[in-house]
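Okay, so here's the structure we're looking at.
The values are calculated or read from the model by the stated rules, or taken from the named source; none is laboratory data. Keep in mind that this is a model prediction, so the values were computed, not measured. Every residue, glycine as well, gets a Cβ built from its backbone with ideal geometry; the counts of neighbours run over all protein chains shown.
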Amino acid sequence: MHKKPFNFNDYNTELIFSLLRWIFLIGAIFLFYFPPLASELNYSLHTFNALLVVGFIYMAVTQLALHFLSDNKRVFSFLTKAGVVFDFIAFIWLLLLQEE
């Protein structure tokens, strides 16, 4: 019998994406607030602070919900859909910061 090397269900996949969001958040903080990089990249921090706060709140709520409400299928379905929307909005927001 052939066993798949990676057999992830939707819950495990969402946990991985949730952890990746935290890694990207830490990377973005480092990129935007580390003085040598920030001065070289010349990004605008006006709206980044708002994105940072919204992202932190969203990811904290999602992380708590994944751990405490993992059995609730309705909440989990909403979280997975909201995660895609949030990732898209955050990506576009970061792209727009380059234009300012």
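Take the residues of the range 12-44 that are farther than 22 Å from Ile57 by Cβ and hydroxyl-bearing (Ser, Thr, Tyr): which is surrounded by the fewest Cβ atoms within 10 Å (Cβ to Cβ)? By that ranking, first place goes to Ser39. So in the range 60-100, with the set limited to residues that are aliphatic (A, V, I, L, M) and farther than 17 Å from Ser18 by Cα, which one is modelled with the lowest pLDDT? Within the range 60-100, the match that is modelled with the lowest pLDDT is Leu97. Of all residues in the range 68-94, those being surrounded by 13 or more Cβ atoms within 10 Å (Cβ to Cβ) and not in a helix (DSSP H, G or I) number 2.
Matching residues to (1) more than 16 Å from Asp10 (Cβ to Cβ); (2) of a type in the set (Ser, Thr, Tyr):
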site: His67; (1), (2): no, no
site: Lys73; (1), (2): no, no
site: Thr80; (1), (2): no, yes
site: Trp93; (1), (2): yes, no
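For the range 35-67, the tally of residues that are more than 19 Å from the chain's Cα centre (by Cα) and assigned to a helix (DSSP H, G or I) stands at 7.
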